[in-house]
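Working notes, beginning with the structure itself.
None of the figures in this text is laboratory data; all of them are computed from the coordinates on show. Here the structure is a predicted model, which means the values were calculated and not measured. Using ideal geometry, Cβ is built from the backbone for each residue, glycine included, and neighbour counts are taken over all protein chains shown.
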Amino acid sequence: MRKGYGVKLALLLFAIAPAFAAPAFAAVDGVIVNGTTGKLEPDTVVTLIQPTQAGMQTLGTTKTDAQGKFSFDNNDDQAPRLIQAVFHGVQYNKMVAPGMPSTGVQIPVFDSTNKAGTAKETQHFIVLQPGDKEMTVSEGLLYTGPANLTYYDPVNGSVRFYVPPEAKGPVTVTVNPAGGMPIPRPALKTKDPDIYKIDYPVRPGDTRFDVNYTVPTTSPMIFTDKEIHPEASSNLVVPNGVTVKSDDLELLGVEPKTKASVYRIKNANFKLEVDGLGIVAGAGQSEGSGDDNGQPQVQEVKPRIYESMYWILGMAFAILGLGSLLLARNSAK
């Protein structure tokens, strides 16, 4: 009787054992492909990272074999995983979300160069938002790298920009790589007066660098800037209620929804006078109507600019599209 009971108990435990087993782990494997040469890259350091609420947790680090292959098996396929490959001092990332294939992952890397002019600044916008005591300046620098090469100059800075000497407080930089998340980077001073640099690679495709700082409000309010790369298409944006005077500007038009004025900057070194107060409001705030249409609006109020910074930058690039269209129409006449 006892023997039969013991056998039945053993069979029962064997049957239900999988229910108490540890969660299954799925492998992550793939290859590192050199997008410059088209060859597989051996001996490349690859790291598997698990994003968590407490930060990034490293699950493992390995190197690719002679065929450029890598493999990890200690990860949970029910959570997002980030694969990082370091090649020629530049980091390349690949996110593997739950449900995405985690085997046969290809991570492209590229040869690097520090040759000036490899990556070009194609667009530059400036948003001025004057307040009672200070004016917030938000600049966006759009760089385009070649299709099969990474530009990286850690000594001189892959990106350089001008900040007027009257700027107060910190100069903040946020990097927005193509297909990646925003990354804060320090603004580093150079030996050239009022010129800063950013130590960050410009990979193939578009990378946007957002620069923010403040200058004291004066009467009259004078703002000066220098274009480090005058070949870029440069525009100035001011919110409704703010006017600017300068021979270095050409009015392109007014953005219909926000009523923001868009100007083309005609000269590499320019100076302008700013009059009035204005700021760009975040989503859900409108000017006068009280309607919430989910779009960024311009409103003459004075909340802290940083609360709506990403709305400002998104709106500014949308305005640049309008400015380019107006400029093309004017050129055709």
Query raised in the report: Just how far, in whole angstrom, is region 30-51 from region 231-277 if you go by their alpha carbon centroids?
Result: 45
Query raised in the report: Distance in nm between label sites at residue 78 and residue 116, each 7 Å beyond Cα in the beta-carbon direction?
Result: 5.6
Query raised in the report: Averaged over all directions, how much area does the convex hull of the C-alpha atoms of region 158-267 cover when projected, in nm²?
Result: 8.6
Requested in this report: Could you quote the convex hull projected area for region 214-254, Cα atoms only and averaged over all directions, in nm²?
Outcome: 4.0
Query raised in the report: Can you give the convex hull volume of the alpha carbon atoms of region 152-212 per residue, in Å³?
Result: 74
Query raised in the report: Once the piece of chain linking residue 217 and residue 233 is laid out straight, how much longer is it, given 0.36 nm per residue of separation minus the C-alpha distance between them?
Result: 3.0 nm
Query raised in the report: What is the projected area of the convex hull of the Cα atoms of region 22-109, averaged over all directions, in nm²?
Result: 5.8
Query raised in the report: Local charge sum around residue 85 (other residues, Cβ-Cβ under 11 Å, Lys/Arg +1, Asp/Glu -1)?
Result: +1
Requested in this report: For region 102-230, report the convex hull volume of the alpha-carbon atoms normalised per residue, in Å³, without decimals.
Outcome: 119
